[in-house]
Amino acid sequence: MKTVSLGIANYCVPCHARCRYCLLCARGQTSGVDGRRGAALAGRVLPELAGARPEVKGFYYIGYCMDTPELGEYIRFCRAHASPGARFLQMNGFAFRGQDELRKLTDSIRDGGVTLIDLTFYGTEAYHDRFAGRAGDFRFLLKMLEAANASGLPVHISIPLIRENLGQMPELFRTLSGYEVEKRLVFLPHSKGRGRSVQDQRITRREFEGLPEEVRRSFTAVPHRTEGEWLAAGEFPEARTRNLNLVLNAENIGRLERMPAGEILRRLEEMDDEYLRCMPPPRALAARYGRPENEQLFRLRDLLLLWRQRYIEETGGALYDMKDESHHFSVYLEEQG
């Protein structure tokens, strides 16, 4: 399989929320390394990679949250290395701040060159706060949205759609209509991390079609079908290109600091090749786990993810899960839709 990009991830900033479906299962802790140490490794590896494997694009990013005093340094680093954080920031999970402090934050982000931020709303206020795991999160996000508007910083709103919050969409959309929002994107959550806990909340086509037109117009344009429809169509494209991601932690950072970029990439490719060798192809997974009677809606990547998770569980969990983003992982680009 052709590798087209290498991401270097450093989960070095704690998130102040405890979201019910967190893909990284964050609980206020960090699993990465010191921010400057991670950036130093990336600052060496990315130029080396451009020389050793010029066909592979490299980039660096941090998590679990952007709430770091080094955010300005991070944005400048991303700009110097053409990483996504130079232009776009996901702004969930920040510690609570007053309006003046929020305005200074959004001004500094704008002045640093960021042209878009994203905020995630889970429903109306009481439900959102329960889902996010902290009281006051909904109102704080509205304050951040207000600050971004005042700074002239464009905002996207993301809204995961599950059975529990379907009836809240009209009121949530009315609330958000009072702010300047460049785009509202409604999507179905996947099963990574704690996302497995909301799979019983995955909606059906009938439930989706019962939503107000304004909500349906905001739904992601990525193709969605019921599990039965995906099985009937049998359209499971063979993955030919991938993005590999190196996830830094205390156990691997010393070793990685001594490794050339080409060697780092080669080892990740070997890990993913082994995963592909052991994991049945999509058609075999469909035959083994597919449920033709299931009317829940999926995008293809999320249905394949669920089947792969079931295979790993069924076979005893010995296979290193290259779809688990808490450690080194891969993304097959043909499956993204």
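The values are calculated or read from the model by the stated rules, or taken from the named source; none is laboratory data. Here the structure is a predicted model, which means the values were calculated and not measured. With ideal geometry, Cβ positions are generated from the backbone for all residues, glycine too; neighbour counts draw on all protein chains shown. Note: areas computed on protein heavy atoms with side chains; ligands, DNA, RNA excluded. Shrake-Rupley method; radii C 1.70, N 1.55, O 1.52, S 1.80 Å.
A few comments on the model shown:
- Filtering Gly93, Gly98 for residues that are at pLDDT 95 or above and at negative phi leaves a single hit, Gly98.
- Selected residue [farther than 30 Å from Pro14 by Cα and within 17 Å of the chain's Cα centre (by Cα)] from Gly262, Gly337, Gly290, Gly316: Gly337
- Whichever residue in region 131-148 is among the basic types (Lys, Arg) and free of Cβ contacts under 8 Å to residues at least 60 places away in the same chain and, among such residues, is farthest from Arg27 (Cα to Cα): Lys143
- Picking from residues in region 282-297 that are touching a strand residue (DSSP E or B) at 6+ places or on another chain (Cβ under 7 Å) and of a type outside the set (D, E, K, R), the one that is nearest to Glu238 (Cα to Cα) is Leu297.
- Restricting attention to region 178-202, the residues being assigned to a loop (DSSP other than H, G, I, E, B) and surrounded by fewer than 19 Cβ atoms within 10 Å (Cβ to Cβ) number 5.
- Of the residues making up region 94-103, those that are part of a helix (DSSP H, G or I) and surrounded by 14 or more Cβ atoms within 10 Å (Cβ to Cβ) are Leu102, Arg103.
- For region 309-337, taking the residues that are in a helix (DSSP H, G or I) and under 26 Å from Gly32 (Cα atoms), the one that is most open to solvent (accessible area, probe 1.4 Å) is identified as Leu333.
- Selection from region 127-177 of residues that are assigned to a loop (DSSP other than H, G, I, E, B), open to solvent by 10 Å² or more (accessible area, probe 1.4 Å) and closer than 29 Å to Phe298 by Cβ: Gly133
- Matching entry among Phe236, Phe298 (being over 30 Å from Ser31 (Cα atoms) and either modelled with pLDDT under 95 or of a type in the set (S, T, N, Q) (or both)): Phe236
- Filter result for the condition that a residue is within 30 Å of Ala39 (Cβ to Cβ) and either polar (S, T, N, Q) or touching a Gly at 6+ places or on another chain (Cβ under 6 Å) (or both), over Leu265, Leu231, Leu256, Leu248: Leu248
- Within region 1-30, the set of residues being charged (D, E, K, R) and either crowded, with 19+ Cβ neighbours inside 10 Å or not in a strand (DSSP E or B) (or both) comprises Arg18, Arg20, Arg27.
- Total residues in region 291-308 satisfying the condition of being in contact with an Asp or Glu (Cβ under 7 Å, 6 or more places away or on another chain) and open to solvent by less than 50 Å² (accessible area, probe 1.4 Å): the figure is 6.
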